[in-house]
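**Student:** Below you'll find the structure I mean.
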Amino acid sequence: MTSDLIIRLTHVSKKFGQAFLAVDDLSLNIKEGEFITFLGPSGCGKSTALKMIAGLLPVSAGSIEITPSSAVSEQDLGFVFQEPTLMPWATVFDNVYLPLRLVGLRRSEVEPRVTQILKEVGLTRFADSYPRELSGGMKMRVSIARALVTRPRILLMDEPFAALDEMTRSKLNDDVVRLANENKLTVIFVTHSVFESVYLSTRIMVMAARPGRVVADLPMQTPWPPKDEWRTTPEFMSEARKVSEVLKGTLDAKDIDH
Amino acid sequence: MQKTSTTKDLSTPVNTAQLRRARRERVLTWVMPIILLIIAVGLWEYLVWYHEIPKYLIPAPSLIAETLVKDGPSLMASSWFTVKLTFFSLGLAIIGGVLLGALFALSRPVELSLFPFAVILQVTPVVAIAPLILIYVDSTFAALLICAWIVAFFPILSNTVMGLRSADHNLIDLFTMYRATRWQRLRYLLAPSALPYFMAALKVAGGLALIGAVVAEFVAGTAGQNTGLASRIIESSFRSEIPRMFAALVLVSFLGIIIFLLTSWASSKVLGHWHESEVRREY
Ligand SMILES: Nc1ncnc2c1ncn2[C@@H]1O[C@H](COP(=O)(O)OP(=O)(O)OP(=O)(O)O)[C@@H](O)[C@H]1O
Ligand SMILES: [Mg+2]
C-alpha cells in the first residue's frame with residue numbers, strides 16, 4: 001500500500017438554502033489504497049459529501065483536490081449509486097459499455113474490455129439480458145462493472161447494498177474487496193451498517209447530523225483485505241462494538257428524528 | 001419474448017397451464033371480438049328483415065356490403081384521399097411535435113413563451129377555426145391538412161416535453177460525471193426515456209388525426225371539390241342515400257381501427273423488450 005495523497009478535502013461545507021448545513025467543515029486527507037467508509041445516521045450528509053467529491057454538487061465553501069492521475073484511464077472516478085441506476089432500454093453489455101461510449105470509444109475497440117469486466121463480476125452469461133431480467137444483486141453488479149470499466153483510481157459508493165438481503169450483501173462486499181484489491185482502488189463507501197463498515201474499511205469516518213459533520217476518524221488495525229471467516233471472530237465483534245459505541249454517542253448527543 | 005436465462009420449471013403441469021393461458025389470451029384478444037361482431041351484424045340483419053325496416057332508415061348489413069362493392073371505385077378514391085390526409089397530417093404532427101418538444105425541453109424560456117400558444121391551438125375547437133383556415137389557404141388539401149395537424153400535434157408535443165424531462169436524475173448525474181455532450185445526452189438518455197411517452201402520444205394522435213381530417217372535411221364539405229370519405233357521407237345524406245352513407249362510415253371506422261392497430265404494433269415493437277407497459281410477463 002503506497003501512502004500518496006489522492007484526495008484532499010479542506011474545510012468543505014455544503015449549504016442548502018440559506019441556513020441548512022448539510023455538511024459542515026469537513027477536512028479529510030485520503031491516501032491511495034485506503035478503503036474509507038462514511039458511517040452515520042440518515043440525513044447526516046453522507047451522500048452530499050460523496051456527490052461533492054464526485055463533482056456532481058458544487059461546494060459552498062472549502063475545496064476538494066484530487067491528485068491528477070498519471071495512469072491511463074478514461075475517467076478517474078467511478079460512482080455507484082444506492083439504486084442500480086441502469087438504463088432499462090439497454091442490455092447489460094450496453095449499460096457497462098456506456099462510460100466508454102461517452103468518451104467516444106467504439107464498441108469493437110472495447111468489446112474485450114467490457115467482456116472482461118463482466119466476467120469479473122460474474123455476469124458473462126447475462127451480457128445480452130435486459131436489467132428487468134436480473135435480480136437486485138445482479139443489477140448492482142452491473143452497476144459496479146460500469147463504474148470500473150473506465151479503470152478508475154477512485155471508487156465512490158453510496159450505500160450500494162442497502163436494499164439487498166444479508167447473504168447477497170456479504171457476497172457483494174467480498175466482491176468489492178477483491179476488485180478494490182486487484183485494481184488498487186481507493187474506495188469511499190457510504191453505509192448505515194456498522195458491520196459492513198468494520199468489515200470493509202481501513203478507516204471509518206463516523207458522521208452525525210445537524211449540522212452534518214465527522215465526529216470520529218477511526219483507523220482500523222485489522223489486516224486488509226479482510227477474509228470472510230473474520231466476520232465470526234471475537235475481534236471482529238469487539239471492533240464492531242467499539243464503532244457502535246461511538247455511533248451511539250453521536251445519536252445521544254442530539255435527538256435525531258429517524 | 002427476449003431470451004431469459006432463468007431456470008424454468010419444466011414439469012408438464014406448469015407448462016400446459018402456461019400454454020393454456022397463452023391460448024386463452026389469444027382467444028380473448030382476437031376471436032372473441034370477432035365472434036361478437038358477427039353476432040351483432042347477424043342480429044342487425046335479422047331485425048331489419050323481420051321488422052321490414054325501410055332502407056332509407058336503417059339499411060341491412062348485406063345492403064351496405066353490396067353498396068361497398070357497387071360504389072367501390074368512388075369510395076376507394078375517397079378513402080385514399082382521407083388516408084393520405086390522415087397520415088400526412090400525423091407525419092407532420094410527429095415532426096412538429098417532436099422538434100418543438102425537444103426545443104421546449106432544451107430551453108425553458110422558449111417553452112414558457114411558446115407553450116401558451118400551443119395550448120390555445122389545442123383548446124380551440126377545430127370546427128371553429130376550420131372555416132377561417134379554408135378561407136385563408138388556397139389549396140383545400142393544405143387547409144384540411146392544417147386542421148388535422150392542429151388536432152394531432154398537441155399530444156405529441158406535450159408528451160415529448162414530459163418524456164424528455166422524465167429521465168432518471170441519477171442517470172443524468174452519471175452522464176454529467178462522464179462529461180457527456182449535449183448530443184450524447186439526448187441520443188443515449190433523454191430520447192430513450194421519452195420513448196414510452198411518445199408512443200403513448202402516437203396512439204392518441206393517430207386517432208385524432210383521423211378525426212381532424214374528417215371533421216375539417218365536414219366543414220369544407222359544401223365546397224364540393226373534396227373527395228374524402230366525409231364528403232361522401234355529406235353527399236349521400238343530401239341525396240338520402242343512406243346505405244352509401246353507412247358504407248362510407250364503415251370505411252372511416254375501418255381506417256380508425258387500422259391506425260390503432262398500426263400504432264399499437266409500433267409501440268410494442270419499440271418498447272416490447274424493456275418497458276413495463278409492453279413487456280409480456282412470464283408466469
Ligand atoms: N438538493 C437538496 N436540497 C435541499 N436539501 C437537501 C438536498 N439534498 C440533501 N439535502 C438535505 O441534506 C441533508 C443531508 O442529505 P444526504 O442525502 O447527504 O444525507 P445522507 O447522509 O446521505 O442520508 P441517507 O443515509 O438517508 O441517504 C438532509 O437533511 C437532506 O434533507
Ligand atoms: Mg444518502
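The values are calculated or read from the model by the stated rules, or taken from the named source; none is laboratory data. Computed from a predicted model, the values in this text were never measured in an experiment. Neighbour counts are summed over all protein chains in view; Cβ atoms, including those assigned to glycine, are modelled from backbone coordinates with ideal geometry. Side chains included, ligands, DNA and RNA excluded: accessible areas come from the protein's heavy atoms. Shrake-Rupley method; radii C 1.70, N 1.55, O 1.52, S 1.80 Å.
**Student:** Test of understanding: among B:83, B:126, B:69, which residue is open to solvent by 60 Å² or more (accessible area, probe 1.4 Å), among the β-branched types (Val, Ile, Thr) and assigned by TED's automatic domain parsing to the domain that holds residue B:253? Can you show your working first?
**Tutor:** On the way: B:83 fails: open to solvent by 60 Å² or more (accessible area, probe 1.4 Å); B:126 fails: open to solvent by 60 Å² or more (accessible area, probe 1.4 Å).
The unique qualifying residue is B:69.
**Student:** Which condition number does residue A:180 fail, the rest of (1) within 21 Å of the chain's Cα centre (by Cα); (2) within 16 Å of ligand 1 (Cβ to nearest atom); (3) among the hydrophobic types (A, V, I, L, M, F, W, C) being met?
**Tutor:** Checking residue A:180 against (1) within 21 Å of the chain's Cα centre (by Cα); (2) within 16 Å of ligand 1 (Cβ to nearest atom); (3) among the hydrophobic types (A, V, I, L, M, F, W, C), the one that fails is (2).
**Student:** Could you go through the stretch A:66-73 and let me know if any residue there is at pLDDT 90 or above and away from ligand 2 (no atom under 16 Å from the Cβ). Can you show your working first?
**Tutor:** So in the stretch A:66-73, the residues at pLDDT 90 or above come out as none.
Checked the stretch A:66-73: no residue is at pLDDT 90 or above and away from ligand 2 (no atom under 16 Å from the Cβ).
**Student:** Only residues that are surrounded by fewer than 24 Cβ atoms within 10 Å (Cβ to Cβ) and of a type in the set (S, T, N, Q): list them for the stretch A:15-41, please.
**Tutor:** Of everything in the stretch A:15-41, those that are surrounded by fewer than 24 Cβ atoms within 10 Å (Cβ to Cβ) and of a type in the set (S, T, N, Q) turn out to be A:18, A:27, A:29.
**Student:** Just for strands (runs of 3 or more DSSP E) wholly inside the stretch A:120-216: which have at least 3 residues that are more than 22 Å from residue A:77 (Cα to Cα) and within 16 Å of ligand 2 (Cβ to nearest atom)?
**Tutor:** Values: elements: A:154-158, A:186-191, A:203-208.
The qualifying strands (runs of 3 or more DSSP E) are A:203-208.
**Student:** From the residues in the stretch A:18-65 that are within 12 Å of ligand 2 (Cβ to nearest atom) and among the small types (Gly, Ala, Ser), which one is nearest to residue A:241 (Cα to Cα)?
**Tutor:** A:40
**Student:** Quick check: is even one residue across the stretch B:130-137 surrounded by 13 or more Cβ atoms within 10 Å (Cβ to Cβ), in contact with a Leu (Cβ under 7 Å, 6 or more places away or on another chain) and assigned by TED's automatic domain parsing to the domain that holds residue B:217?
**Tutor:** no
**Student:** Would you please list the contacts, defined by Cβ atoms under 6 Å and residues six or more apart or on different chains, that run from a residue in the stretch A:42-62 that is free of Cβ contacts under 8 Å to residues at least 24 places away in the same chain and open to solvent by less than 20 Å² (accessible area, probe 1.4 Å) to a residue that is of a type in the set (Asp, Glu) and more than 7 Å from ligand 1 (Cβ to nearest atom)?
**Tutor:** Close Cβ pairs (under 6 Å, with a partner that is of a type in the set (Asp, Glu) and more than 7 Å from ligand 1 (Cβ to nearest atom)) do not exist here.
**Student:** Determine if the stretch A:6-13 includes at least one residue that is outside any strand (DSSP E or B) and among the polar types (S, T, N, Q).
**Tutor:** Residues of the stretch A:6-13 that are outside any strand (DSSP E or B), as a first pass: none.
No, because not a single residue in the stretch A:6-13 is outside any strand (DSSP E or B) and among the polar types (S, T, N, Q).
**Student:** Moving to a separate point now. Kindly indicate which of B:239, B:182 is of a type outside the set (S, T, N, Q) and more than 30 Å from residue B:54 (Cα to Cα).
**Tutor:** Numbers: B:239 fails: more than 30 Å from residue B:54 (Cα to Cα).
Step by step, each of B:239, B:182 is checked, and only B:182 is of a type outside the set (S, T, N, Q) and more than 30 Å from residue B:54 (Cα to Cα).
**Student:** Another question about this same structure. How many residues are open to solvent by 10 Å² or more (accessible area, probe 1.4 Å) and within 16 Å of ligand 1 (Cβ to nearest atom) when one looks only at the stretch A:156-168? Spell out how you get there, then give the answer.
**Tutor:** First pass over the stretch A:156-168, keeping only residues open to solvent by 10 Å² or more (accessible area, probe 1.4 Å): A:158-159, A:162-168.
If we keep only those that are within 16 Å of ligand 1 (Cβ to nearest atom) too, we end up with A:158-159, A:162-164.
Count: 5.
**Student:** While we're looking at this one, here's another question. Do we have residue B:64 as surrounded by 13 or more Cβ atoms within 10 Å (Cβ to Cβ), in contact with a helix residue (DSSP H, G or I) (Cβ under 7 Å, 6 or more places away or on another chain) and part of a helix (DSSP H, G or I) here?
**Tutor:** Values: surrounded by 13 or more Cβ atoms within 10 Å (Cβ to Cβ): yes; in contact with a helix residue (DSSP H, G or I) (Cβ under 7 Å, 6 or more places away or on another chain): yes; part of a helix (DSSP H, G or I): yes.
Yes; evaluated as a whole, the condition is true for this residue.
**Student:** Any idea which of A:191, A:250 is over 17 Å from the mean Cα position of the chain (by Cα) and not basic (Lys, Arg)? Spell out the reasoning first.
**Tutor:** Values: A:191 fails: over 17 Å from the mean Cα position of the chain (by Cα).
Exactly one of A:191, A:250 is over 17 Å from the mean Cα position of the chain (by Cα) and not basic (Lys, Arg), namely A:250.
**Student:** Residue A:135 fails exactly one of the following numbered conditions: (1) farther than 17 Å from residue B:174 by Cα; (2) surrounded by 20 or more Cβ atoms within 10 Å (Cβ to Cβ); (3) within 14 Å of chain B (Cβ to nearest Cβ). What is the number of that condition?
**Tutor:** The number of the failed condition is (2).
**Student:** Within the stretch B:172-280, which helices (runs of 4 or more DSSP H) (wholly inside it) include 2 or more residues that are crowded, with 21+ Cβ neighbours inside 10 Å and within 14 Å of chain A (Cβ to nearest Cβ)? Before the answer, list the steps.
**Tutor:** Values: elements: B:182-185, B:191-220, B:229-238, B:242-271.
Passing ranges, in order: B:191-220.
**Student:** Of all residues in the stretch A:96-120, which are within 11 Å of chain B (Cβ to nearest Cβ) and in contact (Cβ under 8 Å) with a residue 24 or more places away in the chain?
**Tutor:** Start the filter on the stretch A:96-120 by keeping residues that are within 11 Å of chain B (Cβ to nearest Cβ), which leaves A:97-104.
Once the filter is applied, which keeps residues that are within 11 Å of chain B (Cβ to nearest Cβ) and in contact (Cβ under 8 Å) with a residue 24 or more places away in the chain, the stretch A:96-120 yields A:97, A:98, A:99, A:100, A:103.
**Student:** Only one of A:27, A:63, A:42, A:108 is among the polar types (S, T, N, Q), within 25 Å of residue B:172 (Cα to Cα) and more than 16 Å from ligand 1 (Cβ to nearest atom). Can you tell me which? Spell out how you get there, then give the answer.
**Tutor:** Values: A:27 fails: within 25 Å of residue B:172 (Cα to Cα); A:42 fails: more than 16 Å from ligand 1 (Cβ to nearest atom); A:108 fails: within 25 Å of residue B:172 (Cα to Cα).
Result of the check over A:27, A:63, A:42, A:108: A:63.
**Student:** Take residue A:153 and decide whether it is open to solvent by 10 Å² or more (accessible area, probe 1.4 Å), among the basic types (Lys, Arg) and within 14 Å of the chain's Cα centre (by Cα). Quick ask: steps written out before the conclusion?
**Tutor:** Values: open to solvent by 10 Å² or more (accessible area, probe 1.4 Å): yes; among the basic types (Lys, Arg): yes; within 14 Å of the chain's Cα centre (by Cα): yes.
When the stated conditions are applied, residue A:153 passes them.
**Student:** Condition first: open to solvent by less than 40 Å² (accessible area, probe 1.4 Å), under 30 Å from residue A:97 (Cα atoms) and either without any contact (Cβ under 8 Å) to a residue 60 or more places away in the chain or outside the structural domain of residue B:194 (by TED's automatic domain parsing) (or both). Can you find one or more residues in the stretch B:144-154 that meet it? Spell out how you get there, then give the answer.
**Tutor:** Going through the stretch B:144-154, the residues open to solvent by less than 40 Å² (accessible area, probe 1.4 Å) turn out to be B:144-145, B:147-148, B:150-154.
Remaining after also requiring under 30 Å from residue A:97 (Cα atoms): none.
Within the stretch B:144-154, none of the residues are open to solvent by less than 40 Å² (accessible area, probe 1.4 Å), under 30 Å from residue A:97 (Cα atoms) and either without any contact (Cβ under 8 Å) to a residue 60 or more places away in the chain or outside the structural domain of residue B:194 (by TED's automatic domain parsing) (or both).
**Student:** If you check A:123, A:77, which single one turns out to be touching a helix residue (DSSP H, G or I) at 6+ places or on another chain (Cβ under 7 Å) and facing chain B (nearest Cβ under 9 Å)?
**Tutor:** Just a single option satisfies the conditions, and that option is A:77.
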